[in-house]
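Heads up: the structure comes next, in structure tokens.
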Amino acid sequence: MQTSSNPVIDMLISFKVGERRVLFIYAILAIVLELVVWLVPSLVGGAIAVSVIGVLLGPMYPIAMNQASRTLPRWILTGSIGWIAGFGQAGSAVLPFMTGAIAGKHGIKSLQPLYVHSLLIVFCMIDFARFFFF
């Protein structure tokens, strides 16, 4: 049920609030919930927070691609979508390797701060000016 209802809920929220604002809201909520996982010593609370983080991060890539197709001019759109997808795939290959190397050197406690910092980088990459003036 959750898998079939999640796209419907995302489309309704994106339609009502706006796709750019939804990216900000999802990023902020994911950062807050990751801080809950990191700082609150509760197994059940951490499991619920991680599952909600997964629900929040799932639609961010398609929404970002949709925003890119609306923002970029048509003559560079195909190449830009290819570069965006390429960087996404490269990041998905490199970040687990880096995470394992850092965890091997500094221990498992270094993973939560690393994840919070990566979410902050994603948050900073969203266009701030269009969020406040759109």
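Points worth noting:
- Filter result for LEU77 (modelled with pLDDT under 90 and closer than 24 Å to ILE13 by Cβ): no
- Breaking point among (1) among the charged types (D, E, K, R); (2) surrounded by 13 or more Cβ atoms within 10 Å (Cβ to Cβ); (3) modelled with pLDDT of 85 or more, for ASP127: (3)
- Options GLY104, GLY100, GLY79, GLY91; residue that is surrounded by 10 or more Cβ atoms within 10 Å (Cβ to Cβ) and farther than 26 Å from LEU33 by Cα: GLY79
- Neighbours by Cβ (under 9 Å, 6+ apart or cross-chain): first from segment 107-133, within 17 Å of LEU56 (Cα to Cα); second of a type in the set (D, E, K, R) and at pLDDT below 85: ILE126/ARG20
- Of residues in segment 1-50 being of a type in the set (Gly, Ala, Ser) and farther than 19 Å from HIS117 by Cα, the one modelled with the lowest pLDDT: SER5
- Pairs, first more than 20 Å from GLU19 (Cα to Cα) in segment 68-86, second among the small types (Gly, Ala, Ser) and assigned to a helix (DSSP H, G or I), C-beta under 7 Å, six or more apart: none
- Complete set of residues in segment 58-67 that are part of a helix (DSSP H, G or I) and surrounded by fewer than 16 Cβ atoms within 10 Å (Cβ to Cβ): TYR61, PRO62, MET65, ASN66
The values are calculated or read from the model by the stated rules, or taken from the named source; none is laboratory data. This structure is a prediction, so every number in the text was calculated from the model and none was measured. Quick reminder, even Gly has a Cβ in these numbers, built from the backbone with ideal geometry, and neighbours come from all protein chains shown.
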